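In what follows, a structure is listed as structure tokens, so that the remarks can point back to it.
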Amino acid sequence: MFHFSRRQKTVAQTVCPEDAPASLCVWSDVFVLQLMAVLAFGCCAGYVGRNVASIFCGGGRNETLNVTFSYPFRLNQVLLVETNGTLCNHTVPQTHLVQDVSSSAEFFVAVGVLAFLYCLLALLAYVGYMHIYRDSDLCPIADFLMTVFFAFFWMVSSSAWARGLQLVKEATGTEAVRAILPLCHELGVTCEVTDYASMRSLNISVVVGYLNMMVWAGNAWFAYKETRWSTQKASSQPGGRAQAPAPI
């Protein structure tokens, strides 16, 4: 994830001047990765939304149902009708929403938290054990493999959460309310979600998740260039750099 060759720079390190200390470039790199990870899982894990479903009974009489949902989006545990009661002169039993997307939401948040923690550990390793990193063949390889790991799981978790978010929108919409409330099919009764919760932060979390995937994938290329696999391949090529002649 962190790359110390002055000839190679990650996307985050392009903000670092060429003559800046390597430590400054590493700090900028880890700051960008941590900020993006926190933004991704924070927008998802901190979400609380409320929809208002209106039931028009006819004759000017209306009923209102408030639906509050939040992370981890176990919507099948969210009450639409809290207790057995009467709506539009009809007895309505306790009713829950449908869908449970907690697995995809928790997976997405877990990847973000682990990425954040890995950045901290990698930075501590750089600060305290830089000499070991420079002299070891295994450390750059391990760094490369971990970077590929996070790039892959950012892609998988973001895709899963994007699908989960779509299910959340569908399960809290008008069509879902009409489907789970038999009252909505009665003659003269109309059900509609009249006030939708803003899901802007959830949309942002999906976008930032894919951005994390792209940044980690870009870092993986530069991490590969630091491994012995890349250096051995470059040295074995016939058109490789020729050695300068010894001075006379």
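Below are the figures for this structure:
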| quantity | calculated |
| --- | --- |
| Filter result (part of a helix (DSSP H, G or I) and farther than 29 Å from Val156 by Cα) within the stretch 31-63 | none |
| Complete set of residues in the stretch 58-83 that are in contact with a Leu (Cβ under 7 Å, 6 or more places away or on another chain) and within 25 Å of Ser104 (Cα to Cα) | Val67, Phe69, Leu75, Asn76, Val78, Leu80 |
| Count of the stretch 66-77 residues which are over 16 Å from Trp161 (Cα atoms) and either open to solvent by 20 Å² or more (accessible area, probe 1.4 Å) or of a type in the set (Asp, Glu) (or both) | 4 |
| So Val11, is it β-branched (Val, Ile, Thr) and modelled with pLDDT under 65 | yes |
| Answer residue from the stretch 213-248, given it is under 18 Å from the mean Cα position of the chain (by Cα) and either open to solvent by less than 80 Å² (accessible area, probe 1.4 Å) or not aliphatic (A, V, I, L, M) (or both) and is modelled with the highest pLDDT among those | Met213 |
| Evaluation of Asn76 against (1) over 29 Å from Asn212 (Cβ atoms); (2) in a strand (DSSP E or B) (one fails), failing number | (2) |
| Tabulated pairs, the stretch 99-119, first without any contact (Cβ under 8 Å) to a residue 40 or more places away in the chain, second open to solvent by 60 Å² or more (accessible area, probe 1.4 Å) and among the basic types (Lys, Arg), C-beta under 9 angstrom, 6+ apart or interchain | Asp100/Arg74; Ser102/Arg74 |
| In the stretch 51-65, the residues that are of a type outside the set (Ser, Thr, Tyr) and surrounded by fewer than 14 Cβ atoms within 10 Å (Cβ to Cβ) | Gly58, Gly59, Gly60, Arg61, Asn62 |
| Conditions (1) open to solvent by 20 Å² or more (accessible area, probe 1.4 Å); (2) among the hydrophobic types (A, V, I, L, M, F, W, C); (3) over 16 Å from the mean Cα position of the chain (by Cα); number of the one not met by Phe41 | (3) |
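The values are calculated or read from the model by the stated rules, or taken from the named source; none is laboratory data. A quick note: this is a predicted structure, and the numbers were derived from the prediction, not measured. When we count neighbours, we look across all protein chains shown, and the Cβ atoms used for this are built from the backbone with ideal geometry, even at glycine. For the accessible areas, the whole protein counts, side chains as well, though only heavy atoms, and no ligand, DNA or RNA atoms are used. Shrake-Rupley method; radii C 1.70, N 1.55, O 1.52, S 1.80 Å.
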